[in-house]
1. Suppose each label sits 7 Å from its Cα in the direction of the beta carbon; what would the B:GLU20-A:ILE20 distance come out to in nanometres?
2. Show me the three semi-axes of the equivalent ellipsoid for the stretch B:66-188, from the C-alpha gyration tensor (sqrt of 5 times each eigenvalue), largest first, rounded to whole Å.
3. At 1.4 Å probe size, put B:ASP173, B:ASP82 in order of accessible surface, largest to smallest.
4. I'd like the mean, over residues of B:95-101, of how many other protein chain beta carbons sit within 10 Å of each residue's own Cβ.
5. Answer with one residue from B:LEU72, B:VAL25, B:ALA143: the one whose Cα lies farthest towards the positive end of the charge dipole of chain B, charges on Cβ with Lys, Arg +1 and Asp, Glu -1.
6. Can you tell which of B:THR114, B:ALA160, B:LEU185 lies farthest toward the positive end of the dipole of the stretch B:88-188, using +1 and -1 charges on the Cβ of basic and acidic side chains (Lys, Arg; Asp, Glu)?
7. Per residue of chain B, what 222 nm ellipticity follows from adding -39500 (n - 2.57) for every DSSP H run with n ≥ 4, rounded to the nearest 500?
8. Quick one: what Rg and Dmax do you get for the stretch B:1-89 from the alpha carbons, in Å?
Amino acid sequence: YYTARYDYASFDRELSSKMIFATHNLVSDRSFNEFQLILCRNVMIYFDRPLQERVLQLFHQSLEPLGFLCLGSKENLRFSAVAQHFTVWNKEKIWRKTGA
Amino acid sequence: MAQDGRVKLVVIGGSAGSLEVLLQVLPFLRPGLAYALVIVVHRKSAESMLAELLAGRTRLPVKEAEDKEPLLSGTVYLAPADYHTLLESNGSLSLDCSEKVNWSRPSIDVTFETAADVYGETLVGLLLSGANHDGVVGLGRIAANGGQVWVQDPATAQVAYMPQGALNELQADRVLRPEEMADALNAL
């Protein structure tokens, strides 16, 4: 899947050619897709609680049922209003959106 | 800042040799302390069972700090590995993942300085054994903002460099041997 040399790794072209890199503003933009997996690690720690809540709502809207949300090792969504829509997957701060 | 003058927060920092001190002091802390305790020790990686180890030695609740967690009195919070732990003006802790400070993350200075800015005179800072300078500047900020500065007696420290460094730069309110620390903390 990839080649690694020195301190770098490069994905195989077959895979990397299918990747889209785009800028999205968590503060102001709205959901633009439903994903199976969202990784957002160590970003939310820089947001205050109201903004964290907004971002978690955005992620909730952007995940398909049974999709996964991965946060940083010391972040959590336990205190958020979206928590009811997720179950803890394991202790690695991975949550799975419920199928309902 | 200090309406009634009582201590609201104690921050403890240490590096090499500080774990032994904590294990010696924790069992003697009385439950129901009127302040929260935040402990920052230099730690290697996220796999460590440090919180569990400390929790087993005390009746006080011990937990790793989580982002935006509100501080509760009588509770011990441990700075997690690979994050800086900061004190916020609304009485909560926040985490930060930026570059190391004094080659450390968590950095004692970061915790001490933010605590000093928020808690001023209601703060006590204690610096323990260690092999680097992290925490000395932070202790100075605690002093400058009217908090109390406590330092482990370098003669009792496994690595005297850190506490001695603090004493070289500032006037400590107390210089404590580990066996004196629990009484001092219980008396606050």
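The values are calculated or read from the model by the stated rules, or taken from the named source; none is laboratory data. If you're wondering where the values come from, they're calculated on a predicted model, not measured in any experiment. When we count neighbours, we look across all protein chains shown, and the Cβ atoms used for this are built from the backbone with ideal geometry, even at glycine. Note: areas computed on protein heavy atoms with side chains; ligands, DNA, RNA excluded. Shrake-Rupley method; radii C 1.70, N 1.55, O 1.52, S 1.80 Å.
1. 5.9 nm
2. Semi-axes from the Cα gyration tensor: 22, 17, 14 Å.
3. If we order B:ASP173, B:ASP82 from most to least accessible, we get B:ASP173, B:ASP82.
4. Values: counts 8, 3, 8, 2, 0, 0, 0.
That average works out to 3.
5. Ranked along the dipole, the leading option is B:VAL25.
6. Ranked along the dipole, the leading option is B:ALA160.
7. Result for chain B, helices only: -8000 deg cm²/dmol.
8. According to the Cα coordinates of the stretch B:1-89, Rg and Dmax are 13.0, 41 Å.
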